[in-house]
Amino acid sequence: VQLQASGGGLVQAGGSLRLSCVASGRTFSNNGMGWFRQAPGKEREFVAAIMWSGGSTSYSDFVKGRFTISRDRVKDTVYLQMNTLKSEDTAVYYCAAARGGYVAMREYEYAYWGQGTLVTVSS
């Protein structure tokens, strides 16, 4: 069972990136999915989450209005569209699959984690 995150890279402040997270080994189409991030020297923090149907989402205050989480249940893929990036968004971004189908915002609610993709925003 694997979650493969991709799409990270180097971008200038104000730019955009779209992260993708593809599941393999089993389907997560009925699970809530989320994105977390960990900046250098800091603890991992919640970024965004989406319920199994895509009908409900949640965002941390520091990305609300700039980031959008979405999913394609047929492709078993979750996306994080990141716009108006800031230097403080620099971090390793992790996708994760929740134990249930609801919107989950806490790490202990997640059972599977991807390897992370690095996003670097230059100012």
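Descriptive notes on the structure:
- Taking 13 Å as the straight-line reach from the Cα of K42, the aspartates and glutamates in range (excluding those fewer than 8 positions away in the same chain) are E88, D89.
- Rounded to the nearest 20, the Cβ-based charge dipole of the chain about its Cα centre (Lys and Arg +1, Asp and Glu -1) stands at 180 debye.
- Taking Y108, Y59, Y79 in turn, the Gaussian network model of the chain (Cα-Cα springs below 10 Å) assigns the largest fluctuation to Y108.
- Phi-derived couplings, Karplus 6.51 cos²θ - 1.76 cosθ + 1.60 at θ = phi - 60°, listed residue by residue for segment 76-87: 6, 10, 10, 10, 9, 7, 10, 10, 6, 5, 10, 4 Hz, with x used for Gly and Pro.
- Note on R99 and K64: the model spin-label points, each 7 Å out from Cα along the C-beta direction, lie 2.7 nm apart.
- Antiparallel content of DSSP bridges confined to the chain, in %, to 5: 90 percent
- Solvent-accessible area, 1.4 Å probe, carbon plus sulfur percent, for the chain: 48 percent
- Taking amide H atoms as placed 1.01 Å from N in the peptide plane, the amide H of G32 lies under 5 Å from those of W52, A98, G100, G101, Y102, each 5 or more residues away in sequence or on another chain.
- Per-pair calculated FRET efficiency, R0 = 22 Å: L118 and R26 via Cβ, rounded to 0.05: 0.25
- Each other residue within a Cβ distance under 13 Å of R99 adds +1 if Lys or Arg and -1 if Asp or Glu, for a net charge of -1.
- Neighbour-limited loop hits for trypsin sites (Lys or Arg not before Pro), segment 50-85 (at most 12 other Cβ within 10 Å; DSSP other than H, G, I, E, B): K64, K75
The values are calculated or read from the model by the stated rules, or taken from the named source; none is laboratory data. Given the structure is predicted, the values throughout are model-derived calculations rather than measurements. A quick note on method: Cβ atoms are made from the backbone with ideal geometry, for glycine too, and the neighbour counts reach across all protein chains shown. Just so you know, the surface numbers come from the protein's heavy atoms only, side chains and all, with ligands and any DNA or RNA stripped out. Shrake-Rupley method; radii C 1.70, N 1.55, O 1.52, S 1.80 Å.
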